[in-house]
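**Q** This is the structure I want to talk about, given as structure tokens.
The values are calculated or read from the model by the stated rules, or taken from the named source; none is laboratory data. Quick caveat: nothing in here was measured; it's all calculated off a predicted structure. Note that each Cβ is placed from the backbone with ideal geometry, even for glycine, and that neighbours are counted across all protein chains shown. Ligands, DNA and RNA are stripped out before the accessible areas are found, and what is left, the full protein with its side chains, is counted by its heavy atoms. Shrake-Rupley method; radii C 1.70, N 1.55, O 1.52, S 1.80 Å.
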Amino acid sequence: MKTFTLYHNPQCSKSRAALAILQEHKVELEVVEYLKTPLGVTQLQMLLRKLAISAREMVRASEDEFAALQLGAPERTEAEILAAVANNPVLLQRPIIECGDRAVIGRPPENVRALLS
């Protein structure tokens, strides 16, 4: 059986919806509350590869920290953005669901179903 990892924020309705979908399908599941256990840069790089997106796409631009750290500036490098996310986990898009060599951002929660097939 495949193991799924949910990078979860229990305060987020989309994250709770993704958790419900995974539980409904009775998958083997590891839940990581990333605000309590922040991901390091290496873990974030690994997720980026699995998501096949840029670091900018991994960041929640609506968070105050995004503006305060000027992460929207075009000169910000992937390394700078990942370091900012590692130091400010609230910036991480949520939820992220990982299984094997694939991952999706669960916005909308139906994206989770892509990993279930």
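**Q** Could you go through the range 62-79 and let me know if any residue there is in contact with a Leu (Cβ under 6 Å, 6 or more places away or on another chain), closer than 22 Å to residue 18 by Cβ and of a type in the set (Asp, Glu).
**A** Scanning the range 62-79, I find at least one residue that is in contact with a Leu (Cβ under 6 Å, 6 or more places away or on another chain), closer than 22 Å to residue 18 by Cβ and of a type in the set (Asp, Glu), so the answer is yes.
**Q** So which residues in the range 45-67 are of a type in the set (Gly, Ala, Ser) and open to solvent by less than 30 Å² (accessible area, probe 1.4 Å), if there are any at all?
**A** The answer is 55, and nothing else.
**Q** With 72, 40 as the choices, which residue is touching a helix residue (DSSP H, G or I) at 6+ places or on another chain (Cβ under 6 Å), of a type outside the set (A, V, I, L, M) and exposed (fewer than 14 other Cβ atoms within 10 Å of the Cβ)?
**A** 40
**Q** With the requirement that a residue be under 12 Å from residue 92 (Cα atoms) and open to solvent by 50 Å² or more (accessible area, probe 1.4 Å), what does the range 19-37 give you?
**A** 33, 35 - these are the residues of the range 19-37 that are under 12 Å from residue 92 (Cα atoms) and open to solvent by 50 Å² or more (accessible area, probe 1.4 Å).
**Q** Next question. Can you confirm whether the range 8-18 contains a residue that is of a type in the set (Ser, Thr, Tyr) and farther than 13 Å from residue 97 by Cα?
**A** Yes, because at least one residue in the range 8-18 is of a type in the set (Ser, Thr, Tyr) and farther than 13 Å from residue 97 by Cα.
**Q** Output the residues belonging to the range 2-18 that are in contact with a helix residue (DSSP H, G or I) (Cβ under 7 Å, 6 or more places away or on another chain) and either touching a residue at least 24 places away in the same chain (Cβ under 8 Å) or open to solvent by less than 30 Å² (accessible area, probe 1.4 Å) (or both).
**A** Step one: of the range 2-18, the residues in contact with a helix residue (DSSP H, G or I) (Cβ under 7 Å, 6 or more places away or on another chain) are 4, 6, 8-10, 14, 17-18.
Across the range 2-18, the qualifying residues are 4, 6, 8, 9, 14, 17, 18.
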